[in-house]
Every structure is written in C-alpha cells, then in structure tokens.
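Where a number appears in this text, it was derived from the coordinates with a stated rule and is not lab data. These numbers were taken from a predicted model, which means no experiment stands behind them. Positions of Cβ are backbone-derived with ideal geometry, glycine not excepted, and every protein chain shown enters the neighbour counts.
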Amino acid sequence: MKYALLVHQPQEAFDKPRDPALAAAGKAYGEALHAAGVLVTGAGLQPPHTTTLVTIRDGKRQVHDGPYAETKEFLGGLVIIDVPDLDAALDWAARNPAAASATIEVRPLIGYAGA
Amino acid sequence: MNDSATQAAIESVARNSYGRLIAYLAARAGNVADVEDTLGDAFAEALKRWPTDGIPEKPEAWLLRVARNRMIDAARHHQVHEKSEEYLQQITEEAQTVATTHDQFPDERLKLLFVCAHPAIDPAARTPLMLQTVLHVDAARIASAFLVSPAAMSQRLVRAKSKIRDARIPFRVPDPPEWDERVSFVLDAIYSAYTTGWDSLAETSSTHHALAGDAITLGRTLVQLMPGEPEAHGLLALMLHCEARRDARYASNGEYIPLDQQETGLWSHRMIDEAEALLRKAATFRSLGRYQLEAAIQSIHAHRAVTGDIDWPEILLLYEGLVRLAPGIGSLVGRAVALAQAGQPAAALAALEEIPDERIADYQPYWASRGHLLRMLGRTAEAEKAFTRAASLTDDPALRAYLFKQPRG
C-alpha cells in the first residue's frame with residue numbers, strides 16, 4: 001500500500017537559514033527509507049514565494065502568483081512510501097526529522113487499496 | 001422451550017457472537033463496513049430459521065457459513081477484484097474448518113478494539129464504533145445516548161469505517177513500546193461509554209442505563225481478552241463500584257443523594273465484591289495506573305458500608321497518586337475535596353484556585369466542590385454563588401435542586 005507523507009511547514013521554517021544538522025538528518029532519513037526498501041520517491045520543495053497557481057475556468061487559463069493568502073502552512077516536501085499498512089506509514093512519518101517542527105500528513109494513494 | 005425463550009436464546013447467541021464474527025471477518029478483510037452488511041443478513045436468516053430448526057450446535061460456524069455465502073453472492077454481483085476473491089476463498093476454508101473441528105472459534109475482538117480506538121480514528125467516533133461493532137448496539141440508540149442526531153452519528157461511524165478500509169488501519173495487537181498508550185485509548189473509549197451512561201438525567205435513564213451496562217460488558221470482554229493487563233481490571237472495578245450505587249443515587253421522591261449520604265443497604269454488594277476481587281487481582285501485577293487508582297478511591301467509599309466511616313486521608317493519598325499519573329480536572333478537584341475532608345479546607349480551596357480558569361468554566365463538580373469548601377470556611381455568601389454556578393451547569397434536575405438548596409441547608 002502506498003502512502004504520501006506530506007510535510008507541512010509554517011512560513012518561518014522556510015525563512016530560517018538552512019540548518020546543516022537538519023539537512024544531514026533529512027539525508028539520513030532518506031537513506032534509511034531507501035535501505036528499508038520502502039521508498040518510492042521523494043522531493044523537497046522550494047519556499048512558498050516561488051509558487052504559481054494555475055486554474056482553467058470557463059476555458060480560460062488563469063495564472064496567479066503565490067500561495068493562497070489565508071494559508072498558514074505550506075507543503076515543504078513529500079515522500080511516497082510503500083508499506084503494508086497505516087501503522088507502518090505512521091512509524092516512518094514519525095521518523096522524519098521534520099516531524100519535530102512541521103506536521104506530517106499521511107495520505108494513502110489512490111488505486112492501491114487492494115495492493 | 002417456548003417462543004420467547006427461543007427468541008431470548010437467539011438474541012443471547014447473536015449478542016455474544018456478533019462481535020467475535022465481525023472481528024474475525026473484518027480482521028481478514030481489513031474492512032468493517034462490508035462485513036457488517038453481510039453479517040446483518042446472516043443474523044436475519046438465523047432469526048428466521050433457528051426458532052423452527054433449533055439453535056445449531058455451533059452457532060458461530062453456522063452464521064459464518066451464511067455470511068460467507070452472502071459474501072460470495074455479493075462478490076459475484078459486484079465483480080470485485082481478485083484480492084477479495086482470495087480472501088473469500090480463505091474465509092471459506094476457515095469457515096469449513098471451524099464448522100468441522102472442535103477448535104475454539106478464533107477471537108479477534110482485541111484487534112477490533114485496538115482498531116476502534118486507533119489514534120488515526122476521530123476520538124468522538126471511537127466509543128460509538130466499539131459499541132456498534134463489538135456489541136452490535138443499534139446506531140439510533142448510540143446517537144440518542146451521545147445526544148446527537150441519528151444522521152450525524154451515522155455519518156461519524158461511516159467516516160470512521162471508510163478510514164479503516166481506505167487508509168488500511170491494521171488489525172493487530174500493538175507491541176510493547178506503544179502498548180501502554182494504545183491500551184489507554186481502548187480503556188478511555190470504554191470508560192467514556194460508561195460516563196456517558198452515568199452523567200445523564202435520571203429520567204432518560206433507560207437509554208443511558210443500557211449504555212452503562214454496555215460499557216461494563218465491554219470492560220468484562222477486555223479483562224477476558226487481556227487477562228494480564230492490570231488497568232483493564234482497574235477499569236472494570238471502577239465501573240462496577242459506580243454501578244453498584246445506581247439505586248442509591250436518588251431517593252424515592254427523586255431527590256439527589258450525594259455519595260457520602262447514600263443508604264449503603266441499597267448498594268449492590270455483589271458488584272462491590274466483584275470490583276474488590278478485580279482490584280486485588282490488578283494489584284498482583286504491581287503496575288499502578290489511573291483506573292486502578294480511581295477504583296481504589298471508590299473502594300474506600302464502598303468500605304463505608306462496613307465501617308460506617310470514610311477514610312479521607314487514604315483517599316487523599318490515592319488522589320495524590322492520581323494527580324501525578326493523570327492530572328485531569330476531575331482528579332484535581334477530587335484531591336481538593338479529599339484535602340478538605342481530611343481537615344485542611346483552606347489548603348483545599350487554595351488548591352482549587354490553582355486550577356486554570358479555562359478548565360473550570362463549564363465543569364460543574366468544580367463549582368459544587370468550591371461551594372462546599374467555602375461553606376466549611378464559613379464564607380456563606382461566596383459559597384452560595386458557587387453552588388448557583390454549579391446548579392446552572394448540570395442537566396440533572398435532581399442534582400440542580402440539591403445544589404440550589406445547599407447554601408440554605
């Protein structure tokens with residue numbers, strides 16, 4: 001069963017200079033996921049100010065700068081893992097060093113319910 | 001056997017078997033919602049056939065066989081994917097084994113309880129989910145006990161069951177590192193069923209009384225499933241101590257009677273004895289917990305039936321332990337009352353006043369206790385105010401009347 005671990009961070013987390021210790025912990029986490037054979041894919045995202053929103057309404061393409069103004073937390077990165085069940089996914093989410101400051105959302109992927 | 005006796009026997013088998021069957025099927029399917037429908041059909045069939053055919057020797061195997069047939073029909077009808085067929089095959093074989101051997105029907109209810117009280121399940125859905133799946137309590141009755149509309153309760157339950165299936169919450173008994181926390185979720189959900197049944201109006205007691213009874217049944221099941229878990233014993237002891245006093249809580253004219261003035265002859269000494277035996281058993285594990293302490297406090301109150309006295313210093317000691325383990329508002333208020341009864345009303349009032357304002361705004365026992373302490377200190381005007389505040393926070397007319405008459409008493 002595949003789960004997305006979505007890392008939601010407050011703006012402040014993006015404003016701070018990159019913490020080398022945290023970066024090293026993040027790298028180690030990625031390696032642990034890989035070594036356990038559960039990693040499908042993963043990526044870190046650039047800060048929210050780099051965001052552009054695209055919608056098509058009434059057949060017209062609309063492009064907007066930046067995330068929604070009311071948003072308090074932003075997607076900072078995601079990992080997709082393949083594990084037997086939710087408990088296993090929650091264990092991996094808890095091991096993510098970002099969990100200490102950010103919130104990790106664990107969501108099953110569509111189409112793997114029977115897998 | 002006459003008709004009503006047959007009916008009662010069927011209902012008893014159904015009630016006893018439902019939770020086990022649903023746990024068994026759901027643990028294999030990873031899905032509560034679908035197996036519920038199928039089992040519902042199987043029970044309907046039993047109600048139709050058992051009165052004439054007699055109750056089968058292995059009622060669970062009989063029900064499982066019918067449920068299996070229904071599932072196969074449903075699978076053909078909906079053309080479910082291969083995975084489901086595989087598990088249907090597995091269930092078919094196992095049902096056959098259960099039916100033909102003398103093996104005890106596998107009991108997976110503990111896994112089901114852990115799923116119902118899984119941290120990924122909405123806390124407001126945990127207790128209703130347990131009542132519905134393990135005890136087969138009617139959804140409308142659950143809704144009425146929890147004071148929500150049947151539609152809202154049904155939505156809450158459907159959402160929880162979808163989560164179990166779609167997020168694949170595993171049917172497993174947790175391992176030691178998470179054991180204590182996961183067990184506490186199960187205990188809390190069961191206790192919540194009991195307090196929901198207890199804290200409510202005497203007038204509507206039929207629904208609520210039934211719910212308290214359901215909670216005790218769940219507590220008994222848990223002790224049976226976790227014979228080595230002291231807190232399961234503690235929880236059941238606590239519920240039985242409280243339940244033992246049900247008939248003594250109100251006078252025949254409906255007047256509210258506080259615990260320390262209850263007629264001890266009206267207590268159920270059978271339940272008290274059972275609670276005491278459970279507590280003694282729990283103590284042999286030498287691992288204290290919140291529910292054992294709460295039950296021990298109730299045990300001292302129960303002892304008044306023997307000695308005529310309440311050992312408040314001992315109660316205070318137990319509350320000290322409880323406050324360390326579970327510093328909830330209930331234990332903080334309880335400790336303050338014990339302190340006052342043990343002869344230190346001024347220190348007790350100071351302890352009450354340390355509780356943050358946001359936790360006391362709508363907590364009736366805080367205001368009632370505050371009233372008692374102020375009155376002990378001779379501060380009658382303030383006591384009256386506190387009792388009035390307490391009276392405005394209860395939904396029990398008898399308790400309200402009791403609180404209103406306090407300052408003048």
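Rounded, prolate or oblate: which one fits the protein assembly as shown, using the alpha carbon gyration tensor with axes a ≥ b ≥ c (rounded when a/c is under 1.5, else prolate when a/b beats b/c, else oblate)? It is oblate, given that a/c is not under 1.5 and a/b is not larger than b/c.
Region A:11-88 gives an Rg/Rh value of 1.09, both radii derived from C-alpha positions and Rh following Kirkwood. Inter-chain neighbour count for B:168-176: the average number of beta-carbon atoms from partner chains within 10 Å of each residue's beta-carbon is 3. Take the convex hull of the alpha carbons in region B:180-291; its mean projected area over all directions comes to 7.1 nm².
Just tell me how shielded B:158-167 is by partners: mean number of partner chain Cβ atoms within 10 Å of each residue's Cβ, no decimals.
For peptide B:158-167, the averaged partner shielding equals 2.
Take the Cα radius of gyration of region B:257-409 and divide it by 2.2 N^0.38 Å, N being the number of residues; the result is 1.09.
Extension gain for B:Asp73 to B:Ser287 (0.36 nm times residue separation, less C-alpha to C-alpha distance): 72.0 nm. Annotation for region B:276-299 versus region B:134-161: alpha-carbon center distance of 32 Å. Counting, for every residue in B:313-325, the Cβ atoms of other protein chains within 10 Å of its Cβ and taking the mean gives 0. Each semi-axis of the equivalent ellipsoid for region B:299-373 is √(5λ) with λ an eigenvalue of the Cα gyration tensor; in descending order they amount to 22, 13, 11 Å. The length gained by stretching the chain between B:Asp362 and B:Gln90 to full extension, at 0.36 nm per residue less their Cα-Cα distance, is 92.6 nm. Compactness of chain B is given as radius of gyration and Dmax, 24.1, 77 Å, from Cα positions. Shown here for region B:347-405: GluC sites (Glu not before Pro) in loop regions (DSSP other than H, G, I, E, B) with at most 11 other Cβ atoms within 10 Å, namely B:Glu354.
Here's how it looks for A:Gly77: its modeled amide H is under 5 Å from those of A:Val7, A:Leu45, which are all 5 or more places away or on a different chain.
Hand me the trypsin sites (Lys or Arg not before Pro) from region B:269-358 located in a DSSP loop with no more than 16 other Cβ atoms within 10 Å, in residue order please. The qualifying sites are B:Arg286. Membrane-span-like helices in chain B (whole DSSP H runs, Cα extent of at least 30 Å along the helix axis, mean Kyte-Doolittle hydropathy of at least 0.0): B:3-29. With respect to chain A, whose longest principal axis is taken over its alpha-carbon atoms, helix A:86-95 is tilted by about 80°. Each label point was placed 7 Å from the Cα along the Cα-to-Cβ direction; for A:Thr41 and A:Val63 their separation is 2.3 nm.
Summed over qualifying helices (DSSP H, 4 residues or more, each -39500 (n - 2.57)) and divided by its residue number, the protein assembly as shown shows a 222 nm mean residue ellipticity of -20000 deg cm²/dmol. Projecting the Cα atoms of B:Leu238, B:Gly228, B:Pro170 onto the dipole axis of the protein assembly as shown, where Lys and Arg carry +1 and Asp and Glu carry -1 at the beta carbon, places B:Pro170 farthest toward the positive end. For region B:339-409, the spherically averaged projection of the C-alpha convex hull amounts to 4.6 nm². Relative contact order of chain B, taken over Cα pairs closer than 8 Å and 6 or more residues apart, is 10 percent. Its residue count N sets the reference 2.2 N^0.38 Å, and the alpha-carbon radius of gyration of region B:228-310 equals 1.12 times that reference. If you take the beta carbon distance between B:Arg324 and A:Ala25 as r and set R0 to 30 Å, what does 1/(1 + (r/R0)^6) give as a FRET efficiency, to the nearest 0.05? Rounded to the nearest 0.05, the efficiency is 0.30. Pairs from the list A:Lys2/A:Lys60; B:Lys48/B:Lys161; A:Lys72/B:Lys161; A:Lys16/A:Lys72 with a Cα-Cα gap above 26 Å: A:Lys2/A:Lys60; B:Lys48/B:Lys161; A:Lys72/B:Lys161.
Looking at region A:54-115 from every direction and averaging, what is the projected area of its Cα convex hull in nm²?
6.8 nm²
In degrees from 0 to 90, rounded to the nearest 10, what is the angle of the helix A:20-35 Cα long axis to the longest principal axis of chain A? Tilt of helix A:20-35: around 60 degrees. Placing one equal scatterer on every Cα of region B:12-82 and applying the Debye formula, the log10 ratio I(q)/I(0) at q = 0.12, 0.17, 0.19 Å⁻¹ is -0.31, -0.60, -0.73.
Cα centroids of region A:93-112 and region A:13-67: how far apart, whole angstrom? Cα centres, region A:93-112 to region A:13-67: 13 Å.
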